[in-house]
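A quick write-up on the structure given underneath.
The values are calculated or read from the model by the stated rules, or taken from the named source; none is laboratory data. Please read all numbers here as calculations on a predicted model, not as lab measurements. Heads up, the Cβs are rebuilt from the backbone with ideal geometry, glycines too, and the neighbour counts pull from every protein chain shown. Accessible surface is based on the protein model in full, side chains and every heavy atom, while ligands, DNA and RNA are left aside. Shrake-Rupley method; radii C 1.70, N 1.55, O 1.52, S 1.80 Å.
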Amino acid sequence: MSKTLKGGCLCGEVRYEITQEPIAMGKCHCRDCQKATGSAYFPYILVSPDTLKISGASIDYTMKGSSGKDVTRTFCPQCGSYVFGEPSILEGLRTVSGATLDNPEDYKPDADIWVEHLQDWDILDPNTTKFDRSPES
Ligand SMILES: [Zn+2]
Ligand SMILES: [Zn+2]
């Protein structure tokens with residue numbers, strides 16, 4: 001895949017382009033992602049920061065992650081959409097919410113991480129690689 005992926009928040013204030021093939025796509029079922037998204041998992045697209053072009057005003061919130069290291073989440077200040085993440089444990093790599101793509105069918109997750117926090121009301125894709133916690137641990 002070499003096409004540029006585009007997306008943005010609900011209201012259109014925050015826009016982005018991913019100019020090269022993402023490093024990975026998957027679903028994070030950890031409790032922090034559940035709370036931050038208000039949903040069953042965060043549909044992450046992992047990218048190198050130099051391939052992510054962002055426009056529009058946004059607001060960052062930084063919290064300690066389950067690793068004990070900071071996780072910064074970036075939201076649209078107008079509509080509240082959660083668009084980007086930056087887990088400092090990944091040393092500069094960024095995450096983009098696959099749900100915010102203009103063409104959400106371009107989000108093709110092949111991993112489920114933090115499956116030990118999977119909710120009973122969530123259903124796992126049988127075709128992905130599963131990790132009890134994060135792939136690094
Ligand atoms: Zn917005
Ligand atoms: Zn998570």
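A few comments on the model shown:
- Residue match in segment 108-129 (condition: closer than 23 Å to LEU5 by Cα, modelled with pLDDT of 95 or more, over 15 Å from the mean Cα position of the chain (by Cα) and within 16 Å of ligand 2 (Cβ to nearest atom)): yes
- Residue in segment 112-123 that is out of contact with any helix residue (DSSP H, G or I) (no Cβ under 7 Å at 6 or more places or on another chain), among the hydrophobic types (A, V, I, L, M, F, W, C), more than 23 Å from GLY8 (Cα to Cα) and loosely packed, with under 15 Cβ neighbours inside 10 Å present: yes
- Of the residues contained in segment 95-103, one or more are found to be away from ligand 2 (no atom under 15 Å from the Cβ), open to solvent by 40 Å² or more (accessible area, probe 1.4 Å) and at pLDDT 95 or above.
- The residue of segment 51-89 that is nearest to ALA36 (Cα to Cα), among those that are exposed (fewer than 15 other Cβ atoms within 10 Å of the Cβ) and of a type in the set (Lys, Arg), is LYS64.
- The single residue among PRO22, PRO43 that is within 21 Å of ASP125 (Cβ to Cβ), away from ligand 2 (no atom under 15 Å from the Cβ) and either modelled with pLDDT of 95 or more or open to solvent by less than 20 Å² (accessible area, probe 1.4 Å) (or both) turns out to be PRO22.
- Cross-chain or 6+ apart pairs with Cβ under 7 Å, segment 19-43 first and on the phi > 0 side of the Ramachandran plot and of a type in the set (D, E, K, R), then within 16 Å of ligand 1 (Cβ to nearest atom) and open to solvent by 20 Å² or more (accessible area, probe 1.4 Å): none
Results for (1) under 25 Å from PRO135 (Cα atoms); (2) aromatic (Phe, Trp, Tyr); (3) within 16 Å of ligand 1 (Cβ to nearest atom); (4) more than 14 Å from the chain's Cα centre (by Cα), shown as yes or no for each residue.
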position	(1), (2), (3), (4)
CYS11	no, no, yes, yes
ILE45	yes, no, no, no
GLY56	no, no, yes, yes
VAL83	yes, no, yes, no
